[in-house]
1. Can you tell me which residue in the stretch 132-145 is farthest from residue 89 (Cα to Cα), limited to those that are surrounded by 19 or more Cβ atoms within 10 Å (Cβ to Cβ) and not hydroxyl-bearing (Ser, Thr, Tyr)?
2. On the basis of being outside the structural domain of residue 153 (by TED's automatic domain parsing), in a helix (DSSP H, G or I), buried (at least 19 other Cβ atoms within 10 Å of the Cβ) and of a type outside the set (Gly, Ala, Ser), does residue 29 make the cut?
3. Would you be able to tell me the number of residues in the stretch 195-223 that are among the acidic types (Asp, Glu) and either under 23 Å from the mean Cα position of the chain (by Cα) or under 20 Å from residue 6 (Cα atoms) (or both)?
4. Using beta carbons and a limit of 6 Å, which pairs, at least six apart or on different chains, have the first residue in the stretch 64-89 and without any contact (Cβ under 8 Å) to a residue 60 or more places away in the chain and the second one among the charged types (D, E, K, R) and surrounded by fewer than 21 Cβ atoms within 10 Å (Cβ to Cβ)?
5. Taking only the stretch 56-100 into account, find how many residues are of a type in the set (Val, Ile, Thr) and touching a Phe, Trp or Tyr at 6+ places or on another chain (Cβ under 8 Å).
6. For the stretch 92-120, enumerate the residues that are over 27 Å from residue 44 (Cβ atoms) and over 17 Å from the mean Cα position of the chain (by Cα).
Amino acid sequence: MKIAAIVTDIEGTTSSIGFVHNVLFPYALKHIGNFVREHCEERDVMRVLVRLSESTGIPLHKIETMIKLLEQWIKDDVKNTELKALQGMVWEKGYKQGLYQAHVYPDVPEVLQKWQQEERNLYVYSSGSIKAQQLFFRFSDSGDMRLLFSGYFDTTIGPKREVDSYENIAQAIALKPESILFISDVKEELDAAEAAGFKTTWVIRPQDTSLDPERAQAKTSHPVVTSFDQIKVD
């Protein structure tokens, strides 16, 4: 069956893990406290804080306790939906001030454009919030790439290592799973996507990991590549 849609991860796949961990995370850690203090009564921020209060049991009025938890989660790289939403809001300011640009591997834009020209719909699925994903590709070092994508998914659709999440994505874009290709640098995510019926490709970036592509290929059913121009779609 022809691949009608391609869903890609970001960190370690289209883009360097180093940019996220060495630029975005430290910026969020430095600024999230003041951001929450200054904007906690605004609607979008308050909605996130209410969900955070409900999930953690921290009373809504204990803002400093929430901030300490959020800061610890950033240090521990916790994949929490509320944290990711707040990080996206914090990063927006830095992007718009020109403090940094999102890194995209040079092999990615041309291949994405080629797939789009072949009338394949492109989507992003990342643990970062949808807002953070859109900011990432809007302010990338390859220019504004948002028009390449038909949609974005974050962990509100489900955790990235669970089969149900990929079934939910297939339902959301109204395609059969076997007509969707999922690209990621994390084997457990690919395993879940494959179990849901997706086609898969494992991107191993030598710049980001010590994994050996040849050894990895010998131990997995997922095709292994080191760049997007090696990906075989059909």
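1. 145
2. So residue 29 fails the test.
3. Matching residues across the stretch 195-223 total 1.
4. Going by the 6 Å Cβ cut-off, the qualifying pairs are 82/51; 88/131.
5. Selection size over the stretch 56-100: 2.
6. 106, 107, 110, 111, 113, 114, 115, 116, 117, 118, 119, 120
Results for (1) without any contact (Cβ under 8 Å) to a residue 40 or more places away in the chain; (2) touching a Lys or Arg at 6+ places or on another chain (Cβ under 7 Å); (3) aromatic (Phe, Trp, Tyr), shown as yes or no for each residue.
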{"site": "9", "(1), (2), (3)": "no, no, no"}
{"site": "15", "(1), (2), (3)": "no, no, no"}
{"site": "19", "(1), (2), (3)": "no, no, yes"}
{"site": "28", "(1), (2), (3)": "no, no, no"}
{"site": "34", "(1), (2), (3)": "yes, no, no"}
{"site": "55", "(1), (2), (3)": "yes, no, no"}
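The values are calculated or read from the model by the stated rules, or taken from the named source; none is laboratory data. These numbers come from a predicted model, not from an experiment. Quick reminder, even Gly has a Cβ in these numbers, built from the backbone with ideal geometry, and neighbours come from all protein chains shown.
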